[in-house]
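The next block holds one structure in the form of structure tokens; read it before the comments.
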Amino acid sequence: MDIILNSGGTFVIIAAVVGFFMAWGIGANDVANAMGTSVGSKALTIKQAIIIAMVFEFAGAYLAGGEVTSTIRKGIIDASYFIETPELLVYGMISALFAAATWLLIASALGWPVSTTHSIIGAIVGFAAVGVSPDAVEWGKVLGIVGSWVVTPLISGVIAFVIFNSAQKLIFDTDKPLQQAKRWVPVYMFLAGFVLSLVTIKKGLKHIGLETVDLGIVTLEIKGAGGYYLAIIVAVIVAIIGKILISRLKFDETLAKKAQYVNVEKVFAVLMVITACAMAFAHGSNDVANAIGPLAAVVSIVENDGQISATSAIAWWILPLGGFGIVAGLALFGHKVMATIGQGITHLTPSRGFAAELAAASTVVIASGAGLPISTTQTLVGAVLGVGMARGIAAINLGVVRNIVISWVVTLPIGAGLSILFFWMMQATFS
């Protein structure tokens, strides 16, 4: 306890530095996943994707990143084990951030899309189990996370497979693909509007403290069914706007089928930009907590002289720190993971990329509603695989997929191992 009173300022500075490093890793790895399909399908250039992500990720992190955050991410460790020795929790959270950030740096350099959520969870489990007690870890929660390695990519893969095949049958495999696109693309826009607004409402706006939306005629509660009604209203508006814009497009329908395909893909490219913006905002609002949660825990313990609380109000400077870290990581180091997602797994066009991104967003909604632990990375990779499978196994680069799966499996143990090492170093330095 005395060490927190004497060295509290030092702990906060170290935690801020490694928290920024962790946010940088999230930007380099996770955000590149969200933008990879747009870049790989040529809907956006790398420069455009980085600018969009910088704006919407930062907006999501800063505006909707949460006024109050859970002190211990996902409730995977029992705080009661640290009441007598809060300095161990400080050492542990700093070590976990440093360990997860180090692994994200290595994975990003190799172009491996790994889960930032699983990186930080593995790191927290490592220091708690070895540095404190195995009983301090909620092992049931950890098993649920391991199970999500199979469940979430499978769900998103199946959804992507269905969306891609429906677009093929309804639009591309018909005699007049342009005419069919004008008929069916507004339906896809409705689906995209519904799913993406639901992701933003459920995973973004809940952090702002916005509980109701007054529409004049009726007031909707965000937490309950009102969130779904609001998403439907947004989706209808998106579909109507889409219908008007598409009807104004002047395409020559007497062109050969291949030339018509190019024009249909241009329509899907516009959709890709919309989905990329919404996914970036939702991702920034949700995953910035992987960096600022442990940092907020350290700041809370120091400010309360060693008292551990279940939740802690976030100091004013923490959210901007996380937002800037994410943006810096993406801009400086995100291109390698973008290339893996966008080009390495399978060849993407705007229609295929749209199917993958809509499937990933749908899976996030389903998993959040069911309370399943979710990795946006694994969800998106599963969706891209689903699109590839729809075209046949030969369309998938199995070597790249093998490397990705290996990187997923080793993320938890590597995060845990590095965290234990850094935890012991912290103990040796300060105790």
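Numbers below:
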| quantity | calculated |
| --- | --- |
| Long-range neighbours under 9 Å by Cβ, at least six apart or interchain, first residue of a type in the set (Gly, Ala, Ser) within the stretch 91-118, second assigned to a loop (DSSP other than H, G, I, E, B) and crowded, with 24+ Cβ neighbours inside 10 Å | 107/113; 107/114; 108/114; 108/334; 115/375 |
| Members of the stretch 385-405 that are hydrophobic (A, V, I, L, M, F, W, C) and more than 20 Å from the chain's Cα centre (by Cα) | 389, 390, 393, 394, 395, 396, 398, 400 |
| Test: residue in the stretch 59-74 that is under 27 Å from residue 421 (Cβ atoms), out of contact with any strand residue (DSSP E or B) (no Cβ under 6 Å at 6 or more places or on another chain) and among the aliphatic types (A, V, I, L, M) | yes |
| Conditions (1) of a type in the set (D, E, K, R); (2) closer than 23 Å to residue 356 by Cβ; (3) modelled with pLDDT under 85; (4) surrounded by fewer than 24 Cβ atoms within 10 Å (Cβ to Cβ); number of the one not met by residue 84 | (2) |
| Residue under evaluation residue 365, criteria (1) among the hydrophobic types (A, V, I, L, M, F, W, C); (2) over 19 Å from residue 200 (Cβ atoms); (3) touching a residue at least 40 places away in the same chain (Cβ under 8 Å), criterion not met | (2) |
| Checking residue 393 against (1) closer than 20 Å to residue 164 by Cβ; (2) surrounded by 24 or more Cβ atoms within 10 Å (Cβ to Cβ), the condition it does not meet | (2) |
| Count of the stretch 218-246 residues which are part of a loop (DSSP other than H, G, I, E, B) and either of a type in the set (A, V, I, L, M) or modelled with pLDDT of 85 or more (or both) | 2 |
| Pairs where the first residue, in the stretch 158-175, is on the phi < 0 side of the Ramachandran plot and the second is of a type in the set (Lys, Arg) and buried (at least 17 other Cβ atoms within 10 Å of the Cβ), C-beta under 7 Å, 6+ apart | 164/352 |
| Failed item, numbered, when residue 285 is tested on (1) in contact with a His (Cβ under 8 Å, 6 or more places away or on another chain); (2) part of a loop (DSSP other than H, G, I, E, B) | (2) |
| Residue count for the stretch 25-49, restricted to those that are at pLDDT 85 or above, in a helix (DSSP H, G or I), more than 19 Å from residue 124 (Cβ to Cβ) and of a type in the set (A, V, I, L, M, F, W, C) | 3 |
| Counted residues, the stretch 269-300 - those being in contact with a Lys or Arg (Cβ under 9 Å, 6 or more places away or on another chain) and within 14 Å of residue 53 (Cβ to Cβ) | 3 |
| The stretch 323-348 - residue that is polar (S, T, N, Q) and either surrounded by fewer than 20 Cβ atoms within 10 Å (Cβ to Cβ) or over 18 Å from the mean Cα position of the chain (by Cα) (or both) and, of those, farthest from residue 59 (Cα to Cα) | 346 |
| Residue 320 being farther than 21 Å from residue 36 by Cβ, of a type outside the set (S, T, N, Q) and surrounded by fewer than 24 Cβ atoms within 10 Å (Cβ to Cβ) | yes |
| Residues of the stretch 262-307 satisfying the condition of being over 18 Å from residue 40 (Cβ atoms), surrounded by fewer than 19 Cβ atoms within 10 Å (Cβ to Cβ), touching a residue at least 12 places away in the same chain (Cβ under 8 Å) and not charged (D, E, K, R) | 263, 307 |
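The rows are residues; the columns are (1) closer than 21 Å to residue 274 by Cβ; (2) out of contact with any helix residue (DSSP H, G or I) (no Cβ under 9 Å at 6 or more places or on another chain).
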| residue | (1), (2) |
| --- | --- |
| 100 | no, no |
| 127 | no, no |
| 141 | no, no |
| 144 | no, yes |
| 155 | no, no |
| 175 | no, no |
| 184 | yes, no |
| 188 | yes, no |
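The values are calculated or read from the model by the stated rules, or taken from the named source; none is laboratory data. Worth saying up front: this structure is predicted, and the values here are computed from it rather than measured. All Cβ positions, even for glycine, are placed from backbone atoms using ideal geometry, and neighbour counts span all protein chains on display.
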